[in-house]
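To start, the structure under review is shown below, and the notes come after it.
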Amino acid sequence: MGKMSAMHISTSTLVVAAVVISVVAVRIRSRRKRNAQLTAQWNNLQQRRAQPGSGHLIQVVQVYQRARRGSKAVITWCDTGLRQDAWFWEWHVPVGAFVLVSGQSGYGPHNHNPSVLYVHPTQVHAWVPAQAARLAQRQVV
């Protein structure tokens, strides 16, 4: 009987090990697929950025208010490194996102800021999450 229970335990152990290995393999494949998709999104954004009249690339540094009608955020212009307040109409923009936009700057009455970038939904030409840029940069190195 002792041999039988030892054999049963080892079979159970093998089954558990096979399940664990399968789960890990699926997660690794899913992560690789997701990473490839994000890298492709970044490359597509850069291709669009290179086209004339495509807008300017910004990164969302901080979102300091999410309202029913949009988001107030601090952005950085990727070409100059300058920071600016921005209002994204009808969008709760994710922190860290890279956004290809064509908006206008104007007076911000709530914070008396003379230079707030106003971006309407039709002025967002493309965007990618922050991870897309990090992954694309890792592949270059």
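The set of residues in segment 125-141 that are open to solvent by less than 70 Å² (accessible area, probe 1.4 Å) and either more than 14 Å from Gln59 (Cβ to Cβ) or not in a strand (DSSP E or B) (or both) comprises His125, Pro129, Ala130, Ala132, Ala133, Leu135, Ala136.
Inspection of segment 31-51 finds no residue satisfying the criterion of being open to solvent by less than 30 Å² (accessible area, probe 1.4 Å), on the phi > 0 side of the Ramachandran plot and not β-branched (Val, Ile, Thr). Pairs linking a residue in segment 95-114 that is within 15 Å of Lys72 (Cβ to Cβ) to a residue that is of a type in the set (Lys, Arg) and assigned to a strand (DSSP E or B), with Cβ atoms under 9 Å and 6 or more positions apart or on different chains, are Gly108/Lys72; His110/Lys72; Asn111/Lys72. One residue stands out in segment 88-104 among those that are open to solvent by 30 Å² or more (accessible area, probe 1.4 Å) and aromatic (Phe, Trp, Tyr): the one that is nearest to Leu135 (Cα to Cα), namely Trp91. Restricting the search to segment 105-124, which residues are open to solvent by less than 40 Å² (accessible area, probe 1.4 Å), in contact with a Gly (Cβ under 8 Å, 6 or more places away or on another chain), of a type outside the set (Val, Ile, Thr) and in a strand (DSSP E or B)? Selection gives Leu117 alone.
The values are calculated or read from the model by the stated rules, or taken from the named source; none is laboratory data. Owing to the predicted nature of the structure, the values given are computational and were not obtained by experimental measurement. Every residue, glycine among them, receives a Cβ derived from its backbone with ideal geometry; neighbour counts consider all protein chains shown. Note: areas computed on protein heavy atoms with side chains; ligands, DNA, RNA excluded. Shrake-Rupley method; radii C 1.70, N 1.55, O 1.52, S 1.80 Å.
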